[in-house]
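Written below as structure tokens is the structure these notes are about.
The values are calculated or read from the model by the stated rules, or taken from the named source; none is laboratory data. The shown structure was predicted, so the numbers you read here are calculated from the model rather than taken from an experiment. Because the Cβ atoms are built from the backbone with ideal geometry, glycine has one as well, and the counts that use them run over all protein chains shown. With ligands, DNA and RNA removed, areas are computed over all heavy atoms of the protein, side chains included. Shrake-Rupley method; radii C 1.70, N 1.55, O 1.52, S 1.80 Å.
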Amino acid sequence: MNDAAYTADAVAREVWKLYEPVHAVTYFAPEALTAFEAAGLRGWRRGYFAGRAAPLGPVGPEPVTAAFFGFAPGTVARALPSVWDITPPARALEIRRAGARAALERLLAGQEKEAARAGELLADAALGLDHGGRVLSAAHAGLVWPDDPLERLWHAATLLREHRGDGHVAALVAAGLDGCEALVLRSGIDVPRSELQPYRGWTDEEWEAAG
């Protein structure tokens with residue numbers, strides 16, 4: 001890798017460290033979790049799969065397993081398509097955005113101007129993305145951009161995050177790895193098996209076979 005490529009990669013990683021937490025409030029902030037639960041999506045996985053898969057429409061487990069990649073098929077099937085009987089995709093999108101906004105409003109209180117500026121900068125970057133071969137980022141790109149500054153910040157961060165994630169999936173597939181094998185590999189780098197395996201739903205037998 002030449003110096004220019006290394007610098008670009010280093011900058012991209014540093015930017016990711018800044019926008020990833022903005023996107024991730026939808027998975028971990030109490031406001032986001034409460035919003036899903038209030039809509040009847042009880043249990044973390046229901047809200048997660050409904051919110052993240054909603055841009056794809058009322059799909060079943062197969063395309064979501066392929067796009068999300070690291071989750072065991074059975075885990076996805078326990079949430080989809082049944083969540084759409086509780087909360088249709090359009091409503092799930094509204095809930096997800098409202099929960100993220102509430103979380104960011106609390107976390108960025110007193111920094112509204114800076115948040116609005118960050119949102120515009122991220123939007124400029126997100127609007128220039130090429131979504132070819134990137135299913136999740138393309139689905140999110142088809143959504144209407146919000147006018148609210150905090151919602152705009154979150155939407156831009158989400159577009160960038162899903163674009164990056166789609167690239168990861170493409171790289172893993174090109175390397176001949178499946179979802180479980182990718183997690184086993186990662187468990188030897190930074191995140192332990194005790195956190196990855198239960199969260200993604202793989203059995204001990206599947207995990208050992210992937211190793």
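Go through the stretch 127-152 residue by residue and tally those that are part of a helix (DSSP H, G or I) and more than 15 Å from the chain's Cα centre (by Cα).
Total meeting the criteria: 5.
Looking only at the stretch 182-204, count how many residues are surrounded by fewer than 17 Cβ atoms within 10 Å (Cβ to Cβ), touching a residue at least 12 places away in the same chain (Cβ under 8 Å) and in a helix (DSSP H, G or I).
Residues flagged as surrounded by fewer than 17 Cβ atoms within 10 Å (Cβ to Cβ), touching a residue at least 12 places away in the same chain (Cβ under 8 Å) and in a helix (DSSP H, G or I) within the stretch 182-204 amount to 1.
Scan the stretch 34-47 for residues that are assigned to a helix (DSSP H, G or I) and surrounded by fewer than 21 Cβ atoms within 10 Å (Cβ to Cβ) and jot them down.
Listed by number, the residues that qualify are 34, 37, 38, 44, 45.
Name the residue, out of 136, 153, that is out of contact with any His (no Cβ under 9 Å at 6 or more places or on another chain), in contact (Cβ under 8 Å) with a residue 40 or more places away in the chain, open to solvent by less than 10 Å² (accessible area, probe 1.4 Å) and of a type outside the set (Ser, Thr, Tyr).
Only one candidate passes the filter, namely 153.
Given the criterion in contact with a Lys or Arg (Cβ under 9 Å, 6 or more places away or on another chain) and of a type in the set (Gly, Ala, Ser), identify the matching residue among 123, 100, 77, 66.
Every option except 123 fails the conditions.
Can residue 117 be described as surrounded by fewer than 18 Cβ atoms within 10 Å (Cβ to Cβ), part of a helix (DSSP H, G or I), among the basic types (Lys, Arg) and out of contact with any strand residue (DSSP E or B) (no Cβ under 8 Å at 6 or more places or on another chain)?
Here the answer is yes, as residue 117 does meet what is asked.
Of the numbered conditions (1) open to solvent by 30 Å² or more (accessible area, probe 1.4 Å); (2) touching a residue at least 24 places away in the same chain (Cβ under 8 Å); (3) within 20 Å of residue 179 (Cβ to Cβ); (4) not β-branched (Val, Ile, Thr), residue 30 fails exactly one; give the number of that condition.
Unmet condition: (3).
Please pick out the residue among 67, 50, 92, 8 that is in contact (Cβ under 8 Å) with a residue 24 or more places away in the chain, farther than 24 Å from residue 180 by Cα and open to solvent by less than 80 Å² (accessible area, probe 1.4 Å).
The match here is 92.
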